[in-house]
Amino acid sequence: MKFGIVTFPGSNCDYDAFHAITEMLGEDAVYLWHKDHDLQGSDVIILPGGFSYGDYLRPGAIARFSPIMQEVAAHAKAGGPVLGVCNGFQIACEAGLLPGALMRNANLQFVSAKVRVRIENSDTMFTNLYERGEVLRIPVAHGDGRYVASAEVLDELEAEGRVIFRYADANGTLSADANPNGSERNIAGIISDGGNVLGLMPHPERACSPLLGSNDGVRLFESILSRVAA
């Protein structure tokens, strides 16, 4: 299976994603430049973290108009898997692939730390190798990670099981202290109504080895592999 990793000017997690796919999964991966019009036969698209276009205007606002995003949107519309991590989550929301938006952290400070996230739905393309209620340890690094949406959209996400990750403590308890950015309802990641686009602020590609302090992110990529390969 082939993973296509989009590189925008300012991306800085594309190499981390490439390493996770090629070294940890042993699968093929290619870099897709933001000006490309070809996904090079990629089965799964990754929108990586970073500061695309320097986060001018607001994170993801300019990247959303990159030529490659026309192909990514078409891929998603056809049911193809798309994973948006951190800045990639922001881009996916700006592009209309996911509802809501990512705003400035509630404390107005950049946060870089390992956090805990609880699995809310293990019956998805991205989480089928996890257990519901399982708590993962995964790093975050962002200044604009506060997920917001209207009450109607939030209720819809809840009702349809599309809230996939929530910030929690080590015991899986939701609290303001466990929420690093003030996201609505402690939301750390959501999926699209078709279930094929996932956006999350924590970085699973940076939690793929005990040498990095956690390998809790590996099963996310293995989940994609198992579902798509099948």
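The table below lists the values:
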| quantity | calculated |
| --- | --- |
| Residue that is farthest from Ile138 (Cα to Cα), among those in the stretch 84-118 that are among the β-branched types (Val, Ile, Thr) and surrounded by fewer than 22 Cβ atoms within 10 Å (Cβ to Cβ) | Val111 |
| Top-ranked residue of the stretch 120-141 - restricted to ones that are out of contact with any strand residue (DSSP E or B) (no Cβ under 7 Å at 6 or more places or on another chain) and touching a residue at least 24 places away in the same chain (Cβ under 8 Å), ranked as surrounded by the most Cβ atoms within 10 Å (Cβ to Cβ) | Met125 |
| Residues located in the stretch 1-38, provided they are farther than 26 Å from Phe65 by Cβ and surrounded by fewer than 20 Cβ atoms within 10 Å (Cβ to Cβ) | Met1, His19, Thr22, Glu23, Met24, Leu25, Gly26, Glu27, Asp28 |
| Residue count, the stretch 153-182 (criterion: under 18 Å from Val140 (Cβ atoms), over 15 Å from the mean Cα position of the chain (by Cα) and not charged (D, E, K, R)) | 11 |
| The stretch 48-71: number of residues that are in contact with a Leu (Cβ under 7 Å, 6 or more places away or on another chain) and either in contact (Cβ under 8 Å) with a residue 40 or more places away in the chain or of a type in the set (S, T, N, Q) (or both) | 2 |
| Every residue from the stretch 185-194 that is of a type outside the set (A, V, I, L, M, F, W, C) and within 14 Å of Glu156 (Cα to Cα) | Arg185, Ser192, Asp193, Gly194 |
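Read the figures in this text as sums done on the coordinates, not as results from a lab. Predicted, not measured: the structure shown is a model, and the values here were computed from it. Cβ sites come from the backbone with ideal geometry, for glycine too, and all protein chains shown count toward neighbours.
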